[in-house]
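The values are calculated or read from the model by the stated rules, or taken from the named source; none is laboratory data. Small disclaimer: the values here were computed from a predicted structure and weren't measured. Using ideal geometry, Cβ is built from the backbone for each residue, glycine included, and neighbour counts are taken over all protein chains shown. Heavy atoms of the whole protein, side chains included, go into the accessibility calculation; ligands, DNA and RNA do not. Shrake-Rupley method; radii C 1.70, N 1.55, O 1.52, S 1.80 Å.
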Amino acid sequence: MAETKIPYKIYLSEDDMPKAWYNLRADMKNKPAPLLNPGTGKPLTAEELSPIFCEELVAQELDDTTAYIEIPEEIRNFYKMFRPSPLVRAYCLEEKLGTPAKIYYKFEGNNTSGSHKLNSAIAQAYYAKKQGLKGVTTETGAGQWGTALSMACSYFGLDCKVYMVKVSYEQKPFRREVMRTYGASVVPSPSETTEVGKKILAEFPGTTGSLGCAISEAVEVATKNPGYRYVLGSVLNQVLLHQSVIGLETKTALDKYGIKPDIIIGCAGGGSNLGGLIAPFMGEKLRGEADYRIIAVEPASCPSFTRGTFAYDFCDTGMICPLAKMYTLGSSFIPSANHAGGLRFHGMSSTLSQLYHDGYMEATSVEQTSVFEAAEMFARVEGILPAPESSHAIRAAIDEALKCKETGEEKTIVFGLTGTGYFDLVAYQKFNDGEMSDYIPTDEEIAASVAKLPKVGE
Ligand SMILES: *Cc1c(COP(=O)(O)O)cnc(C)c1O
């Protein structure tokens, strides 16, 4: 039978878009461990979570059994502005590499926020609006999540307060201005506007902040202001659920041409894009219907999966957030400066952590310079300027394709291209000038922060 020629881009129609999110947890035999109350060490109830998160999102967070959750029509209509996103056959990259492997990537950078984060931002803003709230608070590091959330909030007419890690606030003024243009207020963190911010500033004057510290501030503001809730752009089960649109569309596009992937690759910061991309494939794997190699790629400077410990830990530095059981480097771990800001989180999604622990997926870590080498090669042949985070997945996909070149195997590789790198040009400048460094934490550094893990749930 003659092989059908696969187009460069496999586009879907609006009718092919998923009408329900897929909740991977429903098919897991070992469910992800519950969030714990840091005070009592007991699993958090919906009542305890509702002062922090919207009610509907609390329900999604705690739902380990419903496989499909309907996507409300208002959210589907918003998705239609930038979805379905294309699945691209990387013919030019394959040719450049001289590999028999067939490489595909799902491109999520085709919206103003420049990443997949808008998929969950719009869902979280929708439920906040539906609950009649005034607004939401959040943190942002590199700025992608804050940008996505400010777009979603302006669409639904919600107030949006973003605590932006101070170093990014100062170094990434352009992202800040995008957020302000969409109506968000952006505060450099740590700030004098919260108790926890004042405490951190008193203890560490002149600190340039961290994601964990910005989370503490955003949570405090949400819980102290009536009509506000806190929203988070990754790590949580609800975020992985919303991101399942990535995987569901990918599967529909591949099925259209009868393509079965051998390897699925995604970068992993908090785990949301990877959790979303692999969702339907992992579902098949869990149900014993198919098998895939699934690879999480993380920076060597922040190696939660490959060098972390599977334990309960805080998600924030201020230690006020719930405890999550995950692969973690310890909440006091401060990763060295790395240009993939979205991958600098000390922990990992509990769902992915459990799957990794149970052997359903692999993980690998890559060094920054080799990531930018892959980004440069990709940009030159495929045209898209990738985000540094996404380029971790490109690196791993290229490495797998090169292995196929050695063995002559025609494997099908699918990876997630989560976003574009237009706001990361300082990083590209460092790379182009040959000034990029590859810091890898020592075993002693990791051991020191892991030693401070809270003693619960053991
Ligand atoms: C935030 C971000 C990531 C990492 O977050 P996950 O929750 O692990 O997906 C990856 N790529 C881009 C472009 C991002 O903005």
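On alpha carbon coordinates alone, what is the Rg over Rh value for the chain, Rh being the Kirkwood radius?
Taking Rh as the inverse mean 1/r over Cα pairs, Rg/Rh reads 0.94.
Test of understanding: express the Cα radius of gyration of the range 347-458 as a ratio to 2.2 N^0.38 Å, with N the residue count.
My calculation over the Cα atoms of the range 347-458 gives 1.31.
Between beta-carbons, use under 11 Å as the cut-off and find the net charge around Asp16, counting Lys and Arg +1, Asp and Glu -1.
0
Once you treat every alpha carbon in the range 180-320 as an equal point and sum by Debye, what is log10 I(q)/I(0) at q = 0.17 Å⁻¹?
Debye intensities relative to I(0), on a log10 scale: -1.04.
Counting heavy atoms of the protein chains only and a 1.4 Å probe, report the per residue accessible area for the chain as a whole number of Å².
With the other protein chains kept in place, the chain gives 38 Å² per residue.
Only loop residues by DSSP count here, and only those with at most 15 other Cβ atoms within 10 Å; note down the chymotrypsin sites (Phe, Trp or Tyr not before Pro) in the range 338-440 that meet that.
Tyr422, Tyr439
Using the Cα atoms of the range 62-117, I'd like the radius of gyration and the largest Cα-Cα distance, Dmax, both in angstrom.
16.6, 47
Please list, by residue number, every one of the trypsin sites (Lys or Arg not before Pro) in the range 264-350 that is coil in DSSP and has at most 11 other beta-carbon atoms within 10 Å.
Counting only loop positions with at most 11 other Cβ atoms within 10 Å, the trypsin sites (Lys or Arg not before Pro) in the range 264-350 are Arg287.
What is the sum of charges, Lys and Arg at +1 and Asp and Glu at -1, for the other residues whose Cβ falls under 13 Å from the Cβ of Pro51?
On the way: positive: Lys224, Arg229; negative: Glu47, Glu48, Glu55, Glu220.
My count for the surroundings of Pro51 gives -2.
Rg to Rh for the range 287-405: what is it, with Cα atoms only and Rh by Kirkwood?
In the range 287-405, Rg relative to Rh is 1.01.
Okay, helix-only estimate at 222 nm for the chain: each DSSP H run of n ≥ 4 adds -39500 (n - 2.57), divide by all residues, round to 500 deg cm²/dmol; what do you get?
Counting only the DSSP helices, I get -12000 deg cm²/dmol.
So which GluC sites (Glu not before Pro) in the range 179-263 end up in coil per DSSP with only 10 or fewer other C-beta atoms within 10 Å?
Answer in residue order: Glu192.
Considering only protein heavy atoms and a 1.4 Å probe, what is the carbon-and-sulfur percentage of the accessible area of the chain? Show your work: numbers first, answer last.
Details: 9110 of 17620 Å².
Within the chain, the accessible surface is 52 percent carbon and sulfur.
Beyond 14 Å, what share of the Cα-Cα pairs of the range 252-326 remains, rounded to the nearest whole percent?
Details: 1953 of 2775 pairs.
The share of Cα pairs beyond 14 Å in the range 252-326 comes to 70 percent.
So what is Rg over Rh here for the range 338-377, counting just Cα atoms and using Kirkwood for Rh?
The Rg/Rh ratio comes out at 1.07.
Where the Cα atoms of the range 117-218 are projected onto their three principal axes, how long is each span, largest first, in whole Å?
Dimensions of the range 117-218 along the principal axes of its Cα atoms: 40, 27, 18 Å.
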